[in-house]
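Written below as structure tokens is the structure these notes are about.
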Amino acid sequence: MGATKHQTCRAMSLWAGLMLSMLTNIVFAATSVDNVRLWRAPDHTRLVFDLSDKVEHKLFTLSNPNRLVIDIKDATMSGSLSHLDLNNTAIKTVRSAPRNGRDLRVVLDLTAAIQPKSFMLKKHGEKSDRLVVDLFGHKKAVEKTVQKVVASQSGRRDIVIAIDAGHGGEDPGALGPKIGKRRLREKDVVLAISKQLASLINAQKGYRAELVRTGDYYIPLRKRRDAARKKRADLFVSIHADAFKNPKARGASVFALSRRGATSETARFLAQKENEADLIGGVGSVSLEDKDAVLRGVLVDLSMTATLGSSLQVGDHVLKSMDNVARLHKNQVEQAGFAVLKSPDVPSILVETGFISNPDEAKKLNSSYYRKNLSKAIFKGIKKHFQALPPAGSYIAYVKNGGDPKASSGGREHVIARGDTLSGIARRYNVTIAALQKANRLNNSNIRIGQRLKIPTS
């Protein structure tokens with residue numbers, strides 16, 4: 001009987017030990033890496049680890065040879081790394097192994113030194129918890145002075161249109177119905193439209209398109225706007241496809257920045273510490289560096305006001321042109337505080353090409369023929385705007401003025417229209433407000449609709 005008791009106690013002890021071991025393993029290996037995905041962008045490579053739960057992690061670099069080590073606490077690798085396409089990246093190979101019996105170590109063997117950044121994305125909707133690791137290359141800063149930029153854009157320059165395809169990479173945007181084997185994704189549709197629009201623009205003499213996003217990767221909203229400023233764009237066009245819980249919602253829209261958004265952006269622009277706030281005004285840049293706080297505020301506010309006026313004008317042309325191809329959601333340019341539209345000196349519009357959540361419109365948006373016609377309509381509206389108000393020094397201005405280079409540089413008259421401001425006219429023709437006032441013997445900035453202003457040579 002004693003032996004039986006002893007055996008029973010021993011068996012229970014072994015069972016308890018086994019259970020404890022199993023529970024310990026469950027605790028220490030509670031998170032699994034279910035999949036790893038890779039996205040390539042022009043300035044970085046992004047790795048995304050799909051997780052069964054949130055994790056703690058750390059990363060560090062090693063040299064000779066160059067490596068990046070990613071340690072993920074209390075995790076195991078259940079997915080595969082063999083499917084990753086490492087072409088055109090700084091990564092030669094990716095490997096993983098258990099560490100300390102309960103952690104996971106992932107090592108990236110690199111072809112060159114990189115600057116890594118990482119962050120966690122919380123579970124959201126159908127998306128699991130994710131660990132995101134970005135690999136940036138060492139980039140040498142290239143400084144351009146205003147004088148160099150103006151010199152490079154003098155003469156019969158192209159009108160530059162920055163085209164921004166919304167979303168990308170980890171952010172698919174709105175999802176449409178299933179077509180073929182997978183659902184239609186906004187990021188794919190708008191990139192296709194953007195490329196078709198860019199092709200049309202580049203085929204037209206006097207215009208040049210600059211794609212903000214050229215592939216399937218994500219760019220933060222303000223970086224998209226800033227990309228247009230760096231390219232000295234005359235217009236920023238962000239392309240999107242709408243969605244709504246009601247699949248019957250339909251129609252294309254055009255948005256410009258709201259006045260409230262413009263006011264709040266002025267304050268943010270002045271408060272930021274980055275160098276991008278040093279200059280405003282595109283080609284006719286004005287330095288803010290040597291101005292006091294009050295004058296800085298006035299200059300940025302004037303620039304934002306003039307930019308908003310131009311945005312509404314070009315948006316109206318685009319919307320009316322799109323009416324010939326697509327059903328419109330509303331018959332006027334709408335205004336909202338979209339971050340991507342908040343440029344202080346580049347007219348910016350956001351084009352919602354239709355409701356991807358509407359089966360009929362999704363089918364159209366998936367058609368290359370329809371996307372091309374839509375792109376033609378958008379460009380037609382853009383051209384109408386710039387043919388009426390061509391930027392100073394541009395080829396379009398040169399042609400409009402009969403090939404007179406002095407006229408294309410600003411030596412002509414301007415008839416004041418509704419919404420015009422003296423600062424906006426000065427920016428449009430690349431002259432100073434003081435020069436406008438002197439040429440027209442103005443004692444202040446007051447102007448009236450129908451008034452004719454002489455535009456001095458810039």
Check: Rounded if a/c is under 1.5, else prolate if a/b is larger than b/c, else oblate: which is the range 60-99, with a ≥ b ≥ c the root eigenvalues of its Cα gyration tensor?
Finding: oblate
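Can you bin the range 410-455 into rounded, prolate or oblate? Criterion: square roots of the alpha carbon gyration tensor eigenvalues sorted a ≥ b ≥ c, rounded for a/c under 1.5, prolate for a/b above b/c, oblate for the rest. Could you put the intermediate results ahead of the total?
Numbers: a/c = 1.32, a/b = 1.15, b/c = 1.14.
Rounded shape, in that the Cα axes give a/c under 1.5.
Just subtract the alpha-carbon distance of K363 and I416 from 0.36 nm times their residue separation and send over the number in nm, one decimal.
Working: separation 53, 0.36 × 53 = 19.08 nm, distance 4.43 nm.
Gain in length upon complete extension: 14.6 nm.
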Next item on the list: Distance check, please: which entries in K58/K187; K187/K231; K231/K380; K127/K187; K187/K372 exceed 25 angstrom between their Cα atoms?
Entry: K58/K187
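What ranking do 216-228, 185-197 get when scored by the average of other Cβ atoms within 10 Å per residue, highest first?
Details: 216-228: 18.8, 185-197: 22.9.
Ranking, from highest mean packing down: 185-197, 216-228.
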Margin query: Going by average Cβ density within 10 Å per residue, which order do the peptides 59-67, 355-363, 332-340, 91-99 take, highest to lowest?
Written below: 355-363, 332-340, 91-99, 59-67
Next item on the list: Please give the residues of the range 41-75, grouped as numeric ranges, whose backbone N is less than 16 Å from a label point set 7 Å along the Cα-to-Cβ vector of A113.
Entry: 60-69
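Given the pairs K195/K320; K54/K364; K117/K205, which span a C-alpha to C-alpha distance of over 32 angstrom in this model?
Numbers: K195/K320 22 Å; K54/K364 40 Å; K117/K205 42 Å.
Long pairs (Cα-Cα over 32 Å): K54/K364; K117/K205.
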Check: Stretch T61-D43 to full length: gain in nm at 0.36 nm per residue minus the Cα-Cα span?
Finding: 4.6 nm
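Nearest 0.05, what FRET efficiency do D171 and L442 give at R0 = 60 Å with Cβ-Cβ as r?
Numbers: r = 49 Å, r/R0 = 0.82.
Efficiency for this residue pair is about 0.75.
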Margin query: I need to check one value: relative contact order of the range 410-455, counting alpha carbon pairs closer than 8 Å and at least 6 residues apart, in percent.
Written below: 59
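I need the shape label for the range 327-456. Rule: rounded when a/c is under 1.5, else prolate if a/b > b/c, else oblate, with a, b, c from the alpha carbon gyration tensor. Please list the in-between numbers first.
Numbers: a/c = 3.15, a/b = 2.02, b/c = 1.56.
Verdict is prolate for the range 327-456.
How would you rank 169-180, 236-247, highest first, on the average number of other Cβ atoms within 10 Å across their residues?
On the way: 169-180: 16.3, 236-247: 20.6.
Most protected by this proxy first, the peptides run 236-247, 169-180.
Here, each number is a calculation from the coordinates, and none is a lab measurement. Keep in mind that this is a model prediction, so the values were computed, not measured. Positions of Cβ are generated from backbone atoms using ideal geometry, with glycine treated the same way; all protein chains shown enter the neighbour counts.
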